[in-house]
1. Restricting attention to helices (runs of 4 or more DSSP H) lying wholly within the stretch B:38-141, give those where 3 or more residues are more than 28 Å from residue B:180 (Cβ to Cβ).
2. I need the full set of residues from the stretch C:78-99 which are crowded, with 16+ Cβ neighbours inside 10 Å and not hydrophobic (A, V, I, L, M, F, W, C), in order please.
3. Would you mind stating whether residue D:29 is crowded, with 18+ Cβ neighbours inside 10 Å, within 14 Å of chain B (Cβ to nearest Cβ) and within 16 Å of DNA strand F (Cβ to nearest atom)?
4. Within the bounds of the stretch A:44-59, is there any residue that is within 19 Å of residue A:125 (Cα to Cα), more than 9 Å from DNA strand F (Cβ to nearest atom) and either at pLDDT below 95 or not assigned by TED's automatic domain parsing to the domain that holds residue A:126 (or both)?
5. Any idea which residue in the stretch C:151-164 is farthest from the other protein chains (Cβ to nearest Cβ), counting only those that are closer than 19 Å to residue C:137 by Cα and surrounded by 15 or more Cβ atoms within 10 Å (Cβ to Cβ)?
6. From (1) away from chain A (no Cβ under 12 Å); (2) more than 24 Å from residue A:194 (Cβ to Cβ), pick out the condition that doesn't hold for residue B:125.
7. Can you run down the residue pairs with Cβ atoms below 8 Å, 6 or more apart or on separate chains, where the first is in the stretch B:177-198 and surrounded by fewer than 16 Cβ atoms within 10 Å (Cβ to Cβ) and the partner is modelled with pLDDT of 95 or more?
4 protein chains.
Amino acid sequence: MSERSPQKQYRPRKAPSQARSEETVASIVEAAAQVLESEGFEGFNTNAVARRAGVSIGSLYQYFPGKDALTVALIRRETKRFHDDMAVALTLRSAKAALEYLIGAAVRQQLQRPVLAKLLDMEESRPGLAGEVGKLDLEALFATVVQRAIPKHTRPEVAAGDLFAITRGMVDAAGQRGETDLEDLERRLKAALFGYLSKAGAD
Amino acid sequence: MSERSPQKQYRPRKAPSQARSEETVASIVEAAAQVLESEGFEGFNTNAVARRAGVSIGSLYQYFPGKDALTVALIRRETKRFHDDMAVALTLRSAKAALEYLIGAAVRQQLQRPVLAKLLDMEESRPGLAGEVGKLDLEALFATVVQRAIPKHTRPEVAAGDLFAITRGMVDAAGQRGETDLEDLERRLKAALFGYLSKAGAD
Amino acid sequence: MSERSPQKQYRPRKAPSQARSEETVASIVEAAAQVLESEGFEGFNTNAVARRAGVSIGSLYQYFPGKDALTVALIRRETKRFHDDMAVALTLRSAKAALEYLIGAAVRQQLQRPVLAKLLDMEESRPGLAGEVGKLDLEALFATVVQRAIPKHTRPEVAAGDLFAITRGMVDAAGQRGETDLEDLERRLKAALFGYLSKAGAD
Amino acid sequence: MSERSPQKQYRPRKAPSQARSEETVASIVEAAAQVLESEGFEGFNTNAVARRAGVSIGSLYQYFPGKDALTVALIRRETKRFHDDMAVALTLRSAKAALEYLIGAAVRQQLQRPVLAKLLDMEESRPGLAGEVGKLDLEALFATVVQRAIPKHTRPEVAAGDLFAITRGMVDAAGQRGETDLEDLERRLKAALFGYLSKAGAD
DNA sequence: TATGAATGAGCCTTCATTCAT
DNA sequence: CATGAATGAAGGCTCATTCAT
């Protein structure tokens, strides 16, 4: 059966009610991350993931209905990591500080596991997976913070989207180049974002 | 020595000397573009490309020594289209006008075949293909124009790289979202790039 | 390291730990023998072998990393059969009896599955497989026995090599012609080997 | 059309009546020899032969109805070379001298183009080609000479066959090992053949 | 007749997925 | 529930052969 059924589930097959299951699921997802990082797309296959996770391929399919579900779970995990860090920005009083925190989060996120981040960016845009993942959540959070910083901006959602795109572009490129100087990257990123706002702020 | 070198060739197998051949090669590359656009990575296989091109699989392999070579050819074709447009900027007297022309070229490029552009950006960064494509040429051209515009900038290559990354990020995102308003995108992109320069210009 | 080493493995992919697996492996090797015998080189392909073995092509590749590994396994099986029989010669006290036993073993070996033996002799000399198989083991065993029989011979390794070559030549030819009279062949082979020794013995 | 028709012709498509054609045919056969020697079986394909011969693949098929026909032609050429050399033995008065000449011819033949000789030995025994080639001619000539040397031998054809097999076995092995000392090989070969005759001569 | 572009059957191999144990 | 042997669709690629020019 190679015809991908449109009703295919991307959610884990079972809500892992027991602690044991939860552990297994987590170990599989982490194994997926590791395989993707060390072997790239070419080597990202379910058998390799199961092997690395130390479970049987049968078990993997017990928890994930298919390869895509596993990919989605991995993307969700990474997105959540990012989202949780970004959410801290919401607790900051100063809007500018919040925006700066966001920038720092983006840089941190990317430079922690750059290869993984890049690969997931790619997977994320696969038509079959589109929308299934919580990318928009990130943009929404981003937008919330941004809009607090630029209350007088016309079209704040557009601006938020652009800032997000700029961030992603610069940060991906930095990962690609193998940059490791976080502070330098952060400084340039701030220049880009605040620069954008200063020019586009009052259309 | 019959051992096939592991360093696969990415160059077309034969220079299509006859008009007939040239047509065939072009039709295969265009078919590759179409398949990639309509089927995505999953459906991008040599048999599908040959079928879409209306040639046999054997013919495809007569002109391209492998799947990667075909991908590289496609990337080169798209890159060339972009490069040729960008090169016009070099003929402009005003540095600012040149930079603005560049921005327009990037926008035009991306919005013509957005899906294709995004997919190729991805393929381009595949480890196996790295360096084989003319990506650096683009960045080099970009850098040339940028450096004329910002003679007093410290680290002009870094700035050029950042501008390139910003452009790519915004323009990819726009394509992803399905934006069609070229002028609006161009305006925002200018805001981002000139904004970046105004903030990062005098470190 | 995802780059697959060009030095393909010739060893079975997994040691068949379970009885079920062992059977499968054996049936695949036997199927390979049969296909080679009945279809010759032309028809010796992995799909045919899998079909004849009554397993899926996937199973074949679960146990053998490639076609060559399967060939090597077959050669090893046949070589082992021969080797084990020849090894009996080492237990004989009389050097002459040992040599005669060897001759008998060679004749037996060849006439049991003549076509297979000939085909494997050929495959064995394929550049890619050279050294991977236990051919030298056979010659070494042969040499051991021979040297016990001809202690005063100058260049005993050369003599052993020649005797091996004579044996192989005569026995292959007999198989090719479809001879079935083992005793007659054995008599002539003895004439050849002892004749060689009587003439070349005291250079 | 992959089904090999049993009526397939192995003879050149046209009797090359013109000198030009004869040259072309010869150059193709020589190219076949060279490809087989330098690339082995793996690289022995019609396109490679045509390329090496400096003719188009179409021309090759003009002169040979298929790949097998080309192989047969090559085997015939090599066989003829051998046969012509061996035939000189018939002119010698002494039977022993004739036999010795034969031995020398075999050694020369093998050591001139050892790889080619081995490869052709293999091709020769392919079921599809069996009988099409003139191997038996060689054995017949061999038998004629041998029988002159051993008039009192019982079963002279058997003896001739054995001598042929011994010769082929030793000479192939020598080629395989890369031996270059013709005289040494010849001496050992004589020991083998005359040794065989001395032992098997008077059953 | 020569050419070489084109053809496509068929081979090797991978990997997502299933299911008997 | 876990296991991992088994499955087979599908994809990359080669090469003998044909045929329009």
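1. Answer list for the stretch B:38-141: B:46-53, B:57-63, B:67-87.
2. C:78, C:79, C:83, C:85, listed by residue number.
3. Values: crowded, with 18+ Cβ neighbours inside 10 Å: yes; within 14 Å of chain B (Cβ to nearest Cβ): no; within 16 Å of DNA strand F (Cβ to nearest atom): yes.
No; evaluated as a whole, the condition is false for this residue.
4. yes
5. Checking each candidate, the answer is C:156.
6. Just one mismatch for residue B:125, condition (1).
7. Matching pairs, first to second residue: none at all.
Quick grid of which residues meet (1) at the interface with another protein chain (Cβ under 10 Å from one of its Cβ atoms); (2) among the aliphatic types (A, V, I, L, M); (3) more than 16 Å from residue D:165 (Cα to Cα):
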| position | (1), (2), (3) |
| --- | --- |
| C:86 | no, yes, yes |
| C:110 | no, no, no |
| C:149 | no, yes, yes |
| C:166 | yes, yes, no |
| C:173 | yes, yes, no |
| C:177 | yes, no, no |
| C:181 | no, no, yes |
| C:197 | yes, yes, yes |
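The values are calculated or read from the model by the stated rules, or taken from the named source; none is laboratory data. The structure presented is a predicted model; accordingly, all values stated were derived computationally and were not measured. Every residue, glycine as well, gets a Cβ built from its backbone with ideal geometry; the counts of neighbours run over all protein chains shown.
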